[in-house]
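Below is one structure, written out as structure tokens, with a few remarks after it.
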Amino acid sequence: MTMKNIPLTQEEEKTLETYLDGEMGSEEKINVEEMLRNSARLQGYLDFLKNVKGMSQMSAMKPAPLDLTAKIMTRLSTVRATSTLRPASLAVRWAPLFATACFFLAFGLFLGKSRLQSGTVSVRFFLDAPRAQTVALAGDFTDWKPVSLKPHGKEWELTLDVPHGRHEYVFILNGRRFVIDPRSQDVVEDNKGDFYSILDTKNTGKKINV
Amino acid sequence: MNEIQKGGIDDLIVIREVLQGHTEEFRQLVEKYQDFIYNLCYRTLGNKQEAEDVTQETFLKVYKRLADFKVDYKLSNWLYTIALNLCKNIMRKKKILRFFSLDHSYTTGDGEDEKTLDIPSGEISIESELEGKETQKRLEKLINALPDSLKTPFILRYFQNIDDDEIAEIMGLSLDNVRVRIYRAKSCLWQEFSK
């Protein structure tokens, strides 16, 4: 190892990278340029960094072979389609719920009777977002006010009484990122290009817990 | 909703369609990400055919497991993670095969791979803008000689233009660990480069 290639400290390295990226204030830039003039080691590293960045910019993207999409799509047709794979968690949860509903129906004591008569339906929302700090839901049935979901294992869940009809809603992750429900019955795009999930209580889909 | 981060929402729309049974919609995801995945695999493995095979496997795996997609994870990061795991398997297999092979000409004296990327001809004309063909080839060789633990974050950072925090997510490492690895990769490269 010569004096010229003694490793830079992380701080020195970061400073030169910031300088090279043009993300430095004018005063700091003058200081760095002064340092560069007085240090062959730093100048050598800067030249090296330019080579690395130049090389990565010039040859960053190697396009995939033209027929790759077709090959992948052909292979997809030979495997079991995801759409037919109902998530196990849903199947497990719905089996006891269905059995319970049948039991109460048989005795004329359907659990949600009073709610059905008042024109609402109990809906259980859930979202698989294990790393989210918070998850909330906002929809027309909450007057677009966020309502927090509670963590339940790796999922987040919330049960709400929703008036019968067609509704729009969206999940909010960590208070800032809006995401649709990937398992919603439908989605709609508004005139700003934002997407919302659709819940239609007439369509007794898998999410509706009546 | 203007202040809202909308990243990844288009992917979710497509994923929802595929989960609803519209398999052909998966093509949109393939077309959107295949170059990124192929590029990463090619940089990691240094072989076109293997890069293509791993890219195909990556999309198949994601397709099969799409119902498990976590909305708080970027689809691109999930693809990168799967692709890197598949690349690791191939590299591990190669090392085992090489161990039992009598052909020692494939390795250098220090035991590291001496792979040279099969650079497409189109790139050679571009590289005239750099210091020269030899410089780039030399750097390519040095990058390929890095240990995988340093090479992978370096490639993600400089060839895939991925932020450090996303590299941490993809590789399952802490942000500090990623930064140290990239720093060490550059230090190693520089020391070899400036010899």
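The values are calculated or read from the model by the stated rules, or taken from the named source; none is laboratory data. Fair warning: this is a prediction, and the values are worked out from it, not measured in the lab. Quick reminder, even Gly has a Cβ in these numbers, built from the backbone with ideal geometry, and neighbours come from all protein chains shown.
Quick notes
- Of all residues making up segment A:146-163, the number that are modelled with pLDDT under 90 and in a loop (DSSP other than H, G, I, E, B): 2
- Within segment A:166-181, the residues that satisfy the criterion of being facing chain B (nearest Cβ under 7 Å) and either β-branched (Val, Ile, Thr) or surrounded by fewer than 20 Cβ atoms within 10 Å (Cβ to Cβ) (or both) are A:176, A:177, A:178, A:179, A:180.
- First in segment A:51-71 and at pLDDT below 85, second anywhere and of a type in the set (A, V, I, L, M, F, W, C) and surrounded by fewer than 15 Cβ atoms within 10 Å (Cβ to Cβ), Cβ under 8 Å, 6 or more apart: A:58/B:126; A:59/B:126
- Checked against the criterion of being in contact (Cβ under 8 Å) with a residue 60 or more places away in the chain, of a type outside the set (A, V, I, L, M, F, W, C), surrounded by fewer than 21 Cβ atoms within 10 Å (Cβ to Cβ) and more than 9 Å from chain A (Cβ to nearest Cβ), the candidates B:134, B:166 yield just one match: B:166.
- Within segment B:7-42, tally of residues that are in contact with a helix residue (DSSP H, G or I) (Cβ under 7 Å, 6 or more places away or on another chain), farther than 16 Å from residue A:180 by Cβ and within 7 Å of another protein chain (Cβ to nearest Cβ): 9
- Matching entry among A:147, A:170 (being of a type outside the set (S, T, N, Q) and closer than 19 Å to residue B:11 by Cα): A:170
- One residue alone among A:163, A:130 is closer than 16 Å to residue B:71 by Cβ, of a type outside the set (A, V, I, L, M, F, W, C) and surrounded by fewer than 16 Cβ atoms within 10 Å (Cβ to Cβ), and that residue is A:130.
- Of the numbered criteria (1) farther than 22 Å from residue A:197 by Cβ; (2) at pLDDT 90 or above, the one residue B:46 fails is (2).
- Of all residues in segment A:15-41, those that are outside any helix (DSSP H, G or I) have Cβ atoms under 7 Å from Cβ atoms of residues that are surrounded by 15 or more Cβ atoms within 10 Å (Cβ to Cβ) and among the aliphatic types (A, V, I, L, M), 6 or more apart or on another chain, in A:24/A:32.
- Candidates in segment B:52-87 are the residues that are without any contact (Cβ under 8 Å) to a residue 24 or more places away in the chain and within 8 Å of another protein chain (Cβ to nearest Cβ); of these, the one that is farthest from residue A:71 (Cα to Cα) is B:72.
- In segment B:137-162, the residues that are surrounded by fewer than 19 Cβ atoms within 10 Å (Cβ to Cβ) and farther than 18 Å from residue A:54 by Cα: B:145, B:147, B:148, B:149
- Hey, residue B:155 part of a helix (DSSP H, G or I), more than 10 Å from every other protein chain (Cβ to nearest Cβ) and at pLDDT 90 or above or not: no
- When residues of segment A:134-145 are limited to those that are surrounded by fewer than 16 Cβ atoms within 10 Å (Cβ to Cβ) and not in a helix (DSSP H, G or I), the one farthest from the chain's Cα centre (by Cα): A:143
- The residue pairs whose first member lies in segment A:182-193 and is within 8 Å of chain B (Cβ to nearest Cβ), whose second member is outside any loop (DSSP other than H, G, I, E, B) and not β-branched (Val, Ile, Thr), and whose beta carbons are closer than 6 Å, counting only pairs six or more residues apart or on different chains, are A:182/B:12; A:182/B:16; A:184/A:197; A:187/A:195; A:187/A:197.
- Complete set of residues in segment B:184-195 that are in a helix (DSSP H, G or I), surrounded by fewer than 20 Cβ atoms within 10 Å (Cβ to Cβ) and either free of Cβ contacts under 8 Å to residues at least 24 places away in the same chain or in contact with a strand residue (DSSP E or B) (Cβ under 7 Å, 6 or more places away or on another chain) (or both): B:187, B:191
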